[in-house]
Amino acid sequence: MQVGLEHYLTVSFLLFALGLLGVIMRRNLLVIYMSLELMLNAANLALVSFSRFNDKLDGQVLVFFIITVAAAEVSVGLALIVALYRKRQTAHVEDLTSMKL
Amino acid sequence: MEAINNLLGGTAVPDVLFYVFAALTLLCGALVVANPFSRSPVTSAMFLVLTIISMAGLFVLLHAFFLAAVQIIVYAGAVIVLFLFVIMLLDLKEEARRKIKFFGIVGGLVSVGAIVVISLKALKSSNPGANLPAPQLEGGTNALGQLLFTQYILPFEVVSVLLLVAMVGVILLSKKDLK
C-alpha cells in the first residue's frame with residue numbers, strides 16, 4: 001500500500017494525542033511543557049504533509065514561523081518556571097493552588 | 001540533496017522508511033509522556049530529542065529538507081539544551097518520587113482516546129488524500145528562501161521583533177528581585 005497523506009495525518013493525530021495525554025496526566029511543569037512541544041510538532045507534521053501533497057510551499061513557510069515562535073515561547077516559559085521555582089521552591093502543579101476557589 | 005533524492009527514488013524504500021520513522025516517533029513520544037522505568041524529566045527530555053530527530057526523518061521523506069535541518073538545529077540543538085539547563089537549575093529529585101494520580105490516568109486515557117477515535121473517523125470519512133496527483137513539491141532552501149523573502153517578508157520581520165521581545169522578557173524575568 002502506497003504511503004499517502006492519510007498515513008502522515010494519522011501519525012500526526014496520534015502524536016498530538018500523546019502530547020495531550022501528557023498535559024492531562026503528568027503533574028510536573030517541565031514535562032507538561034515537553035508535552036506541549038510534542039503537540040506543536042504534531043501540528044508541524046500535518047502542515048508539512050499537507051504542503052507536500054497539495055504542491056504548495058506556503059505550509060512549509062508556516063512551519064518555519066511555528067518553529068521560531070515555539071523557540072521564543074519555550075524560552076519565556078522556562079524563564080517563568082525558574083522565577084516560580086525561586087519564589088515557591090516547587091515545579092509541581094498540585095503545589096500551585098493559590099488561584100483555586 | 002541529489003543523493004537523497006536518488007536514495008529515495010527506489011521502489012518501496014520510502015514506504016519502509018516511513019513506517020520505521022513513524023513507529024520511532026510514536027514510541028519515543030510515548031516514552032516522553034509515560035516512561036515506566038523512570039519519571040525523571042531528564043529521561044523525558046532525552047526521548048524528546050529522539051522524537052524530534054525521527055520526525056526530521058519524516059520531514060526528509062516529505063522532501064522538506066530545509067525544515068528537517070531547522071528542526072534538528074532549533075529543537076534538538078537549542079530547545080532541548082534549554083530544557084536540560086533548567087532541569088539542572090531546579091532540583092527535581094523530590095518531584096520524581098511523586099505518584100501519578102489514578103484519576104488523572106483514567107480521565108486522560110478516556111478523553112484522549114475519544115479524541116483519537118473522532119479524528120481518525122473524520123480522516124477516514126473525508127479522505128483528503130484520495131484524488132490528489134503524485135506529489136512533486138521540493139522544499140529545498142532555495143525555493144523556501146525565495147518565498148520567505150518575497151511574499152512572506154512582513155511576517156518574517158514581525159517574527160524578528162517577536163524574538164527581540166522574548167529576549168527582553170526572559171532577561172527581565174530572570175532578574176533576582178522580580179516584583
In peptide B:25-32, how many Cβ atoms from other protein chains are near each Cβ within 10 Å, on average?
6
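Quick one: if you take sqrt(5λ) for each eigenvalue of the C-alpha gyration tensor of chain A, what semi-axes come out, biggest first, whole angstrom?
Values for chain A, descending: 34, 16, 8 Å.
If each DSSP helix of 4+ residues adds -39,500 (n - 2.57) and the sum is divided by the residues in the protein assembly as shown, what number results at 222 nm, nearest 500 deg cm²/dmol? Could the numbers behind the result be given before it?
Values: 12 runs with 202 residues, N = 280.
After summing the helix terms and dividing by residue count, I get -24000 deg cm²/dmol.
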All aspartates and glutamates inside 18 Å of B:LYS101 as judged from Cα atoms, apart from same-chain residues fewer than 8 positions distant
A:GLU94, A:ASP95
Using a 1.4 Å probe on heavy atoms of the protein chains only, the accessible area for B:THR150 in Å², nearest 10, reads 100
Scan around B:GLY129 for amide H atoms under 5 Å from its own, H built in the peptide plane at 1.01 Å from N, and keep only partners 5 or more places away or cross-chain.
A:GLU6
Expressed as a whole number, the average count of other chain Cβ atoms within 10 Å around the Cβ atoms of B:103-114 is 3
Under unit Cβ charges (Lys, Arg +1; Asp, Glu -1), what dipole magnitude, rounded to 20 debye, does chain B have relative to its Cα centre?
900
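Find, among the GluC sites (Glu not before Pro) in segment B:40-142, those assigned to loop by DSSP (not H, G, I, E, B) with at most 12 other beta-carbon atoms within 10 angstrom.
On the way: sites: B:GLU94, B:GLU95, B:GLU138; in loops: B:GLU138.
Answer in residue order: no site qualifies.
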Going residue by residue through segment B:47-59, the Karplus relation 6.51 cos²θ - 1.76 cosθ + 1.60 with θ = phi - 60° gives ³J(HN,Hα) values, rounded to whole Hz and with x marking Gly or Pro, of 5, 5, 4, 5, 4, 5, 5, 5, 5, 4, x, 4, 4
If you take the charge dipole of the protein assembly as shown about its Cα centre, with +1 on Lys and Arg Cβ and -1 on Asp and Glu Cβ, which of A:LEU47, B:LEU148, B:ILE52 is farthest toward its positive end?
B:ILE52
Hey, in the GNM for chain B with a 10 angstrom Cα cutoff, which one of B:VAL42, B:VAL60, B:VAL117 fluctuates hardest?
B:VAL117
With DNA, RNA and ligands ignored, accessible area of A:HIS92 (1.4 Å probe; Å², nearest 10)
10
Based on alpha-carbon centroids, what's the gap between segment A:62-101 and segment B:140-179 in Å, whole number please?
19
Taking every residue in B:42-48, how many Cβ atoms of other protein chains lie within 10 Å of its Cβ, on average?
3
Per-residue accessible area for A:ARG86 at 1.4 Å probe radius, Å² rounded to 10?
110
Segment B:6-69-segment A:20-59 distance, computed between alpha-carbon centres (Å):
13
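The values are calculated or read from the model by the stated rules, or taken from the named source; none is laboratory data. The model shown is predicted, which means the values in this text are computed figures rather than measured ones. Positions of Cβ are generated from backbone atoms using ideal geometry, with glycine treated the same way; all protein chains shown enter the neighbour counts. Note: accessible area is taken over every heavy atom of the protein model, side chains too, but ligands, DNA and RNA are not part of it. Shrake-Rupley method; radii C 1.70, N 1.55, O 1.52, S 1.80 Å.
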